[in-house]
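To start, the structure itself, in structure tokens.
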Amino acid sequence: MVAEPPPPDNAAKQDFALETRGLERSFGALAVTRNVDFRLEQGARHALIGPNGAGKTTFINLVTGALKPSAGRILLGGSDVTALPQEQRVKRGLARTFQINTLYRGLSVLENVCLAIGERLGSGGRLFRPAGSHREVLLSAYALLERLRLADDASRLVRELPYGRQRLLEIAVALGLEPKVLLLDEPAAGVPSAESGIIIEVIESLPADLALLIIEHDMDLVFRLARRVTVLVQGTIMLEGTPREIAGDARVRDVYLGEREHR
Amino acid sequence: MSDTPLPSVATTSVRDRPLPEAVRRLARRHHPRVYEALPWLLATAGYFAFPDYRQLGAQVFIAILFALATDLILGYAGVITLGQAAFFGSGAYFCGILSAHGWSEPLSLLIAGAAAAAAVGFLSGFVVLRTTGLTQLMLTLIVAVMLGEAANKATGLTGGANGLQGMEIAPIFGVFELDLYGRTAYCYCLVLLFLGWLAVRTLIYSPFGRSLTGIRESEARMRAIGSPVFRRRLTAYVISAALCGVAGALLAETTQLVALDTLSFERSGAVVIMLIIGGVGRLYGAFLGVPIYMILQDRFAQADPTYWYFWIGVFLLLIVLFARGGIIGLVERGARLIRPRRRSVSTPGSENIG
């Protein structure tokens, strides 16, 4: 798994950071994910777009293991993880954020990150030594908060935190896992543009070898952050290409951009 | 990546500076506080102050231990339970049956009671913890009801509705006899409550305990950071069951009788009410809730012998409506008024539930 960029015709030899083959998921008679073959390259900056109800979040839930697929396979760094539970996939470097803030609202900002780092370092299940004496966890967590300009809020409870800061903390918790593949589910959704700057900055400064998949509605953001774009419509991949190709495609305008104008 | 535009606020690493306030606060959270000595001082004083009430005192300590163990599951792991009596009763009956068959050494009987309850916790937890919400609540209840019915039917083993009799308990360490006045029982139960409290306190401050709180706060996030949620919950469930079993075995040993009510729904319900009164998910909720419940029960029963339970219900309603977090929650709020800003973070387990 060397991140050296091979020529395109060599791509078959290379392990993708994340790959799905024939992924399917139905809820009763409703097929939400239909035969999705998706590939995320090492170090990718990839966006997944699509109208509401296209199955984007379901796709994320299938990849992370929160949902079980009805059919198909999921590969992480070339090895099949379809049968692995969610926590094992996290251990292999897969992290995500949530579209709707999913944090420990009654705990402090620092402890939110501590829990993630503790799990990564394998101390999360220790029964005896107090959590507060795991100094390495505390310091790593604090250093991460400083990097994301959250350190001043370290002692505040999450539920007392402004919404935009909570969105940032969503990313911080995921970064505490030091992932190889990061899935961001609408990271800046609902954040006023004055506050979204730091979120975008953080995403732009992610390590180059990290494979990033970002679900986003905001096309400006997609253009700014992504080098590849996949369009998901009614649970299936309609198109994949560079942002410019996607923006120029008539079908995409119809299905996706058009829909946005109607709303 | 050092040339990236993301600001590094401090030029030196956090490791090379004095610890930031937020880190220090978390690092010393588990340190013992002065007020934590209070219950033990009171309990010790109680031994001398109320010599006629030592038997009752022992029962209160048992109830507190039971509530403490239940809080681990209810308050910290966020498992909704109305069936903790299953573990209390398992411990009591197993201890009692062994004792009635001639095994009289009290400490090993406690361990046996804990093991029996832990086994019941492990087996039932496998099913109960795979469900959520109302289903989970009903399953915990069903486990207790089924065990109660089994104990009722198996009269040869348990004595059925007449209760298990014929227990023989040897002196503790071969020296301290469980006397009629409850001198030994008082000290015995107090020491075991202290040990149980120490165990629960250690657990809730440990990374394991914090991850239980994490599961309660957000199960989805806990899974997303790679925590084996089911295994953590099951571990907590078994530990809680074992402690409940110790409490049950203590009751059996100190009263030398085991009755069906150790497995009853009333016992499961009362312990939850006690915790709600004292404060769920707060280490000291059990210490306040149990005595308050017992005093109220006594007072209401004197004032209104027929409908006293109704008044308990009214009181509970008032707590739930106006004092979420119970008495401890009220104290916390009071403390925050006096000393505002961020104290809430440093008192552990003071996080509200949902």
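For the stretch A:138-212, what's the relative contact order in percent, using C-alpha pairs closer than 8 Å and at least 6 residues apart? Mind showing how you got there, number by number?
Values: 45 pairs, mean separation 23.0, N = 75.
Relative contact order, the stretch A:138-212: 31 percent.
Once Rh for the stretch B:38-136 is found with the Kirkwood sum over Cα pairs, what is the Stokes-Einstein diffusion coefficient at 37 °C and 0.692 mPa s, in µm²/s? Intermediate values should be presented prior to the final figure.
Working: Rh = 15.6 Å.
My calculation gives 211 µm²/s for D.
Counting only other residues whose beta carbon sits under 10 Å from that of residue B:207, what net charge do I get with K and R as +1, D and E as -1?
+2
For Cα pairs less than 8 Å apart in space and 6+ apart in sequence, what is the mean separation divided by the residue count of the stretch B:33-263, i.e. the relative contact order in percent?
42
Mind telling me which of A:111, A:240, A:160 comes out most flexible in a GNM of chain A, alpha-carbon contacts under 10 Å?
Largest GNM mean-square fluctuation: A:160.
Could you tell me how many degrees, from 0 to 90 and to the nearest 10, lie between the Cα long axis of helix A:163-175 and the main elongation axis, the longest principal axis, of the Cα atoms of chain A?
With both axes taken from Cα atoms, the answer is about 90 degrees.
Can you bin the stretch B:199-354 into rounded, prolate or oblate? Criterion: square roots of the alpha carbon gyration tensor eigenvalues sorted a ≥ b ≥ c, rounded for a/c under 1.5, prolate for a/b above b/c, oblate for the rest. Write out the running numbers ahead of the final one.
Working: a/c = 2.15, a/b = 1.24, b/c = 1.73.
Judged from the Cα gyration tensor, the stretch B:199-354 comes out oblate (a/c at least 1.5, b/c at or above a/b).
Lysine pairs in the protein assembly as shown with alpha-carbon atoms under 20 Å apart, 8 or more places apart or on different chains: how many are there?
Values: A:13/A:180; A:56/A:68; A:68/A:91; A:91/A:180.
Count of close lysine pairs: 4.
Suppose a student asked you for the relative contact order of chain A, using Cα pairs under 8 Å spaced at least 6 residues apart; what percent would you report?
Relative contact order of chain A: 26 percent.
Could you work out the local net charge near residue A:238, counting Lys and Arg as +1, Asp and Glu as -1, over the other residues with Cβ closer than 10 Å to its Cβ? Mind dumping the intermediate values first?
Values: positive: A:251; negative: A:240, A:249.
Neighbourhood net charge equals -1.
What angle do you read, to the nearest 10 degrees and between 0 and 90, between the alpha-carbon axis of helix B:85-100 and the longest principal axis of chain B?
Relative to chain B, helix B:85-100 is tipped by roughly 40 degrees.
What does the helix-only formula give at 222 nm for chain A: each DSSP H stretch with n ≥ 4 adding -39500 (n - 2.57), the total divided by the residues, and the result rounded to the nearest 500 deg cm²/dmol?
Working: 9 runs with 84 residues, N = 263.
So the helix-based figure for chain A works out to -9000 deg cm²/dmol.
Using only the Cα atoms of the stretch B:264-330, what are the Rg and Dmax in Å?
So, for the stretch B:264-330, Rg and Dmax equal 11.5, 34 Å respectively.
If you take the beta carbon distance between residue B:146 and residue B:316 as r and set R0 to 35 Å, what does 1/(1 + (r/R0)^6) give as a FRET efficiency, to the nearest 0.05? Provide the component values of the computation, followed by the final result.
On the way: r = 27 Å, r/R0 = 0.77.
The pair residue B:146/residue B:316 has a calculated efficiency of 0.85.
Just for chain A, what percent of DSSP beta bridges are antiparallel, to the closest 5?
Bridges in chain A are about 55 percent antiparallel.
Decide, for the stretch B:33-263, between rounded, prolate and oblate: order the square roots of the alpha carbon gyration tensor eigenvalues as a ≥ b ≥ c, take rounded if a/c falls under 1.5, and otherwise choose prolate if a/b is larger than b/c, else oblate. Could you put the intermediate results ahead of the total?
Working: a/c = 2.33, a/b = 1.31, b/c = 1.78.
Oblate shape, in that a/c is at least 1.5 and b/c is the bigger or equal ratio.
Give me the net charge for the shell around residue A:215: Cβ to Cβ below 12 angstrom, other residues only, Lys and Arg +1, Asp and Glu -1.
Details: positive: A:56, A:96; negative: A:185, A:186, A:216, A:218.
That sum, taken over residues with Cβ under 12 Å, equals -2.
On a 0 to 90° scale, report how tilted helix B:207-217 is relative to the longest principal axis of chain B, with both axes built from alpha carbons and the result rounded to the nearest 10.
The helix B:207-217 is inclined about 90 degrees to chain B.
First check a/c for the stretch A:141-207, with a ≥ b ≥ c the square roots of the eigenvalues of its C-alpha gyration tensor; if it is under 1.5, answer rounded, and if not, answer prolate when a/b is larger than b/c or oblate otherwise. All intermediate terms of the calculation are to be shown ahead of the outcome.
On the way: a/c = 1.58, a/b = 1.09, b/c = 1.45.
Since a/c reaches 1.5 but b/c is at least a/b, the shape of the stretch A:141-207 is classed as oblate.
Would you mind getting the Kirkwood hydrodynamic radius of the protein assembly as shown from its Cα pairs, rounded to one decimal in Å?
Details: mean 1/r = 0.0371 Å⁻¹.
It is 26.9 Å.
Using 7 Å Cα-to-Cβ label points, what is the residue B:16/residue B:52 separation (nm, one decimal)?
7.2
Bear in mind that the values in this text are calculations on the coordinates, not laboratory data. Just so it is clear, the structure is predicted and the values come from calculations on it, not from any experiment. In this analysis, Cβ positions are derived from the backbone assuming ideal geometry, glycine residues included, and neighbour counts consider all displayed protein chains.
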